[in-house]
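Asks: Quick one: the structure is below, questions incoming.
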Amino acid sequence: MGVFGCGKSTVAGMLATSLEWDVAEGDDLHPASNIDKMRAGIPLSDTDRWPWLANVAAWIAERVESDRPGIITCSALKRVYRDRLRAPNVVFIHLADSGGMIEQRLSDRRGHFMPAALLNSQTVALEPPGRDEYAIEVDAGPPADHVAAHILNRLKLSPQNPVVSS
């Protein structure tokens, strides 16, 4: 979880490959109307996000019900959103910005529907997980393979395919 540009997709892919778990890109579960709004530079409202969060929650529920581990990317900016996504054994990994690195990443990003101008709306909406939530915060600033290895270590998970450090 975290604001866009923090590395959710990259780190999730590395973790899923390493652990041989299912993975899903939460952005792929947005209704077309949400994508159109974001592409136009219009921040999503809570009303816009609820159908998307229902899709993300359904993906999580399928894994929980079948006892299959998985990783899904989702901004999960607010506690109420995370409350909608909570399920047994779901851990939120908050990829937190370290000193403005997200702005730099976004300036180099090409081909994504979300314009950099929307970063402020996500930063303002972000409610970092509370101490009472099943979540860990990780600095998203280091290279993605280091972030993934750190997450594996924090969660005491043994990779099937070790994350390669650069």
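The values are calculated or read from the model by the stated rules, or taken from the named source; none is laboratory data. A quick note: this is a predicted structure, and the numbers were derived from the prediction, not measured. Here the Cβ positions follow ideal geometry from the backbone for every residue, glycine too, while neighbour counts run over all protein chains shown.
Asks: Do you know which residues across the range 32-41 are touching a residue at least 12 places away in the same chain (Cβ under 8 Å) and exposed (fewer than 14 other Cβ atoms within 10 Å of the Cβ)?
Replies: Answer for the range 32-41, where residues must be touching a residue at least 12 places away in the same chain (Cβ under 8 Å) and exposed (fewer than 14 other Cβ atoms within 10 Å of the Cβ): SER33, ARG39, GLY41.
Asks: Scan the range 1-14 for residues that are within 14 Å of CYS74 (Cβ to Cβ), at pLDDT 95 or above and assigned to a helix (DSSP H, G or I) and jot them down.
Replies: VAL11, ALA12
Asks: Within the range 18-27, which residues are crowded, with 16+ Cβ neighbours inside 10 Å and more than 13 Å from the chain's Cα centre (by Cα)?
Replies: Once the filter is applied, which keeps residues that are crowded, with 16+ Cβ neighbours inside 10 Å and more than 13 Å from the chain's Cα centre (by Cα), the range 18-27 yields SER18, LEU19, TRP21.
Asks: Hand me the list of helices (runs of 4 or more DSSP H) wholly inside the range 69-166 holding 2 or more residues that are among the polar types (S, T, N, Q) and at pLDDT 70 or above.
Replies: 119-125
Asks: Another question, then. Residue check: is ASN55 of a type in the set (S, T, N, Q), surrounded by fewer than 21 Cβ atoms within 10 Å (Cβ to Cβ) and assigned to a helix (DSSP H, G or I)?
Replies: yes
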